[in-house]
Amino acid sequence: MVTEKKQRRKITRRWYLLLFILIASVVGCFSLFYDDGSVSSFIDNEGEQEFMEAYYEAMSYLPEPAEEVLLTTSFGQVKLYKFQASETERTPLLLLPGKSASTPMWEANLQDLIQERPVYTIDLIGEPGLSVENVRIQTIQDQATWLKEVVTSLDEAEIHLLGLSFGGWSAVNLLVQEEVPQVKSLILVEPVYVFDTIPLKMVLASIPASVPFIPKSIRDRMLSYISGGAEVEDEPIARLIETGMRSFKSKLPMPQKISKEELESLTVPTLAILGGKSTMHNPDKAFAAAEANLTHPQSEVVLFDGASHAINGEYPKELADHIQMFLTRLKP
């Protein structure tokens, strides 16, 4: 009898939780699709301060930047860092982070990557970070425009472009929309909207996670699910992303799925690295699309069977090794 009552209470709590999420999703949809014409920004000063504390705490785990600047583009200021272990003539990498992320998300990867070449990182305009959107980004062409301005402002004749998750889409979108001769290769790590669309259940899960009054535990649960069940509580990067999701309102346009024709039009060697346990696309479908549509003879597709969408944190050394082997084959 006692067990039965406990079970009923547990079921009741679940229904209350589901009802709460449903209500929050409706409010979230209104918040996400209501457009007052403003640019992407923090919701209030308190949220911005909390995010900045999380940002600088997470940055403290990274190697010391050799350089950091604020670049001016047509759509706002872009925070750019340069990391370098030693002087080298090798072509640098430019890293583009994922959704609601920023430079600190590369903590697991920078130490390995900078052993081989200089590495630039940026915070994306329209996402929580130190970059600031001053002019509304309304189209995918706008997103390509400001990113091209960043690449061309670098004092580099050549650059390799690496994007993770949404950053992978940003990298491909740049070369689809613009001619950028400096970009000599693409490295796409678990890119979204490139080889497959995001499953509907993940789209629905992201709506309540973006609503400020949703409990932190809900966002943590979603981040853990995306990361293959990893513990995210008290983890600096997870705290940074969770704070950004809660305190920042992005007004960026929805990404458009990169078409088969657009993938086939890419004229640079492309390395696609996918996770076999990713929840952000169908891994088998994405792998097949990448193999079929990346037509440059030096392109390559790699599947990490045991990896989730958070592959950069799960397999940092293996990721760095694959990237270095790929780039060495292009230009020893």
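When you scan segment 89-128, how many residues do you find that are of a type outside the set (S, T, N, Q), in a loop (DSSP other than H, G, I, E, B) and farther than 17 Å from residue 317 by Cβ?
14
Anything in segment 96-141 that is touching a residue at least 40 places away in the same chain (Cβ under 8 Å), over 21 Å from residue 253 (Cα atoms), open to solvent by less than 30 Å² (accessible area, probe 1.4 Å) and among the hydrophobic types (A, V, I, L, M, F, W, C)? List them, or say none.
105, 106, 110, 113, 114
Might you check whether a residue that is of a type in the set (Gly, Ala, Ser), modelled with pLDDT under 95 and closer than 21 Å to residue 72 by Cα occurs anywhere in segment 131-138?
No.
The conditions are (1) under 20 Å from residue 247 (Cα atoms); (2) assigned to a helix (DSSP H, G or I); (3) modelled with pLDDT under 95, and residue 35 fails exactly one of them. Which is it?
Here residue 35 clears every test but (2).
Determine the pairs where a residue that is assigned to a loop (DSSP other than H, G, I, E, B), located within segment 296-310, has a partner that is modelled with pLDDT of 95 or more and among the charged types (D, E, K, R) with Cβ atoms under 7 Å apart, the partner being 6 or more residues away or on another chain.
Sorted first by the residue in segment 296-310, then by its partner, the pairs are 309/190.
Which condition does residue 292 not pass, out of (1) surrounded by fewer than 19 Cβ atoms within 10 Å (Cβ to Cβ); (2) in contact with a Lys or Arg (Cβ under 9 Å, 6 or more places away or on another chain); (3) not in a helix (DSSP H, G or I), if it passes all the others?
Among (1) surrounded by fewer than 19 Cβ atoms within 10 Å (Cβ to Cβ); (2) in contact with a Lys or Arg (Cβ under 9 Å, 6 or more places away or on another chain); (3) not in a helix (DSSP H, G or I), the lone unmet condition for residue 292 is (3).
Counting only residues that are assigned to a loop (DSSP other than H, G, I, E, B) and of a type in the set (Ser, Thr, Tyr), which one in segment 52-74 is least open to solvent (accessible area, probe 1.4 Å)?
Checked segment 52-74; the qualifying residue least open to solvent (accessible area, probe 1.4 Å) is 74.
Does residue 317 satisfy being in a helix (DSSP H, G or I) and either out of contact with any Cys (no Cβ under 7 Å at 6 or more places or on another chain) or among the aromatic types (Phe, Trp, Tyr) (or both)?
Yes; evaluated as a whole, the condition is true for this residue.
Can you work out which of the residues in segment 185-203 that are on the phi < 0 side of the Ramachandran plot and in contact with a Pro (Cβ under 8 Å, 6 or more places away or on another chain) is surrounded by the most Cβ atoms within 10 Å (Cβ to Cβ)?
It comes out as 192.
Report, by residue number, each residue of segment 250-285 that is open to solvent by 60 Å² or more (accessible area, probe 1.4 Å), modelled with pLDDT under 95 and within 17 Å of the chain's Cα centre (by Cα).
254, 256
Looking at (1) touching a residue at least 12 places away in the same chain (Cβ under 8 Å); (2) farther than 21 Å from residue 186 by Cα; (3) in a loop (DSSP other than H, G, I, E, B), find the lone condition where residue 77 falls short.
Status for residue 77: all satisfied but (3).
Take residue 75 and decide whether it is among the aromatic types (Phe, Trp, Tyr), under 20 Å from residue 252 (Cα atoms) and modelled with pLDDT of 95 or more.
When the stated conditions are applied, residue 75 passes them.
Which of (1) at pLDDT 95 or above; (2) out of contact with any Gly (no Cβ under 6 Å at 6 or more places or on another chain); (3) of a type in the set (Ser, Thr, Tyr) is the odd one out, the single condition residue 88 does not satisfy?
Only one criterion in (1) at pLDDT 95 or above; (2) out of contact with any Gly (no Cβ under 6 Å at 6 or more places or on another chain); (3) of a type in the set (Ser, Thr, Tyr) is unmet by residue 88, namely (1).
Inside segment 153-182, can you point out the residues that are small (Gly, Ala, Ser) and assigned to a strand (DSSP E or B)?
163
The values are calculated or read from the model by the stated rules, or taken from the named source; none is laboratory data. Remember, predicted model here, so these are calculated numbers, not experimental data. Methodologically, a virtual Cβ is constructed for each residue, glycine included, from the backbone with ideal geometry; neighbour enumeration extends over all protein chains shown. In case anyone asks, the SASA skips ligands and DNA or RNA and just uses the protein heavy atoms, side chains included. Shrake-Rupley method; radii C 1.70, N 1.55, O 1.52, S 1.80 Å.
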